[in-house]
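Derivation of every value follows stated rules applied to the coordinates shown; laboratory data play no part. All figures in this text were calculated on a predicted structure; none of them were measured in a lab. Positions of Cβ are backbone-derived with ideal geometry, glycine not excepted, and every protein chain shown enters the neighbour counts.
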Amino acid sequence: MIEALVNHFSWMLLRTQVFVYVLLGLRDQAIAYLRQMRAVRPDDFFVLTTLAHFLGQRDEGQAAPNRAEAITLLRQALGLQPNNAALHFNLAFLLEAQGQLPDAEAAFRRAVAIDEKLDRAWYGLGLVLIRQRRLEEALSALQRNTVLQPMSPFAWYQMARVHLDLNQPEQTEAIIRHLQGFEPKVANQLRRETGLGGV
């Protein structure tokens, strides 16, 4: 019993050390520490998800090796918590960045099946469907995002572009007018890009 408490306390100290490294901006040291922790407890949820987070961030604008490892870690974490919508979203995000669009779509769909109010997963699903040229389906996903986040311009912008690709300029113009009411910069950007919506 005492040994278990000491082990738990020691593990909490190790976790705290990771946060200290992060606060000091020492991300590489935090990653190295997490790798050591994983060697001790390969199925620790905190270690898997935190290491995946840092590795996924490290890859922004770079080649894929860290991202591929992050995907593996998230899949392992999902084995521990298969109904965690945020984990499915994070996995989908990385899969999309890797160009694994069918897998990303499946992960986004799983995320919204678990939590239908996860607006960013609806948005991500819309983007993946756009990249696969499944524009009507993309519109449905983006519309769900706008219901959940009506004042966020991102899905509105993508919907306007999709309507234009579907040769539906009236719908694009309607979105531009709608955006003018709360995001005039985005509305003006769409006007410049599409030539629609007046001056």
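The orientation-averaged shadow of the Cα convex hull for segment 151-199, equal to a quarter of the hull surface, comes to 2.8 nm².
For segment 1-136, the ratio of Cα radius of gyration to the globular rule of thumb 2.2 N^0.38 Å stands at 1.18.
Looking at segment 11-104, the GluC sites (Glu not before Pro) that sit in a DSSP loop and have at most 13 other Cβ atoms within 10 Å of their own Cβ are Glu60. Short-range pairs are left out: with C-alpha atoms under 8 Å and at least six residues apart, the relative contact order of the chain is 9 percent. Of the peptides 41-54, 183-196, the order by per-residue mean of other Cβ atoms within 10 Å, starting with the highest, comes out as 41-54, 183-196.
Simple rule: put +1 on each Lys or Arg Cβ and -1 on each Asp or Glu Cβ in segment 74-187, find the dipole, and look at Ala141, Leu74, Gly99; the Cα lying farthest toward the positive end is Leu74. A viscosity of 0.692 mPa s and a temperature of 37 °C, combined with the Kirkwood radius over C-alpha pairs in the Stokes-Einstein formula, give segment 69-199 a diffusion coefficient of 214 µm²/s. The 3J(HN,Hα) values that the Karplus relation (6.51, -1.76, 1.60; θ = phi - 60°) gives for segment 99-108 are, in residue order, x, 8, 5, x, 5, 4, 4, 4, 5, 4 Hz. Gly and Pro appear as x. Sequentially through segment 156-173, phi angles give Karplus couplings (6.51, -1.76, 1.60; θ = phi - 60°) of 4, 4, 4, 4, 4, 5, 5, 4, 5, 5, 8, 6, 10, x, 5, 5, 4, 5 Hz, Gly and Pro residues having no value and appearing as x.
Axis of helix 65-80 versus longest Cα principal axis of the chain: the two differ by about 80°, to the nearest ten degrees. Computed 3J(HN,Hα) for segment 36-46, one whole-Hz value per residue from the Karplus formula 6.51 cos²θ - 1.76 cosθ + 1.60 where θ = phi - 60°, is 5, 5, 5, 4, 7, 10, x, 10, 6, 4, 4, glycine and proline marked x.
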